[in-house]
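The values are calculated or read from the model by the stated rules, or taken from the named source; none is laboratory data. Since the model is a prediction, treat every value here as computed from it, not as a measurement. Here Cβ is always computed from backbone atoms with ideal geometry, including for glycine, and neighbour counts include all displayed protein chains. Only protein heavy atoms, including side chains, enter the accessible area calculation; ligands, DNA and RNA are left aside. Shrake-Rupley method; radii C 1.70, N 1.55, O 1.52, S 1.80 Å.
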Amino acid sequence: MTSAHSATFIGPPEPPKKLLAFRFCLRLKPDQERQLHRISTSLRWLWNKALGEQQRRHKEGEKYASYEDMASWLTSWRNCEQTRWLSESPSHP
């Protein structure tokens, strides 16, 4: 005869798992290092530019821009003469 209710044994808590960390060093060729630097510089510039625009919008009481809005900013910045250098970096890192 089986019971409709079964007891569940709850034992002692498991000890915390040990976390491991690894450190890596990339060995890049000079050309790869330049490309990586150019991409990271572009991404930092884009982050700061978009953040500044979002902060301006917030300060003026506007809604934050959506992903689609920010994607259109990127397209316009890549096509602008002053920021044409952005088109040399990948559009999706």
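Worth pointing out:
- The chain - accessible surface per residue (Å², probe 1.4 Å): 97
- Working note: Karplus 6.51/-1.76/1.60 with θ = phi - 60° gives the range 64-74 the couplings 5, 6, 7, 4, 4, 4, 5, 5, 5, 4, 4 Hz, where Gly and Pro are set to x.
- Gain upon complete extension [residue 73, residue 33; 0.36 nm per residue less C-alpha separation]: 11.6 nm
- When peptides 52-65, 13-26 are ranked by their average number of other Cβ atoms within 10 Å per residue, the highest-first order is 52-65, 13-26.
- Computed per residue of the chain from DSSP H runs no shorter than four, each worth -39500 (n - 2.57), the mean residue ellipticity at 222 nm is -16000 deg cm²/dmol.
- Within the assembled protein chains, the solvent-accessible surface assigned to residue 75 is about 80 Å², based on a 1.4 Å probe.
- For the range 70-92 versus the range 22-51, the spacing of their alpha-carbon centroids is 17 Å.
- Heavy-atom accessible surface of the chain: percent carbon and sulfur, 1.4 Å: 58
- Rounded to 10°, Cα long-axis angle of helix 30-59 versus longest principal axis of the chain: 90
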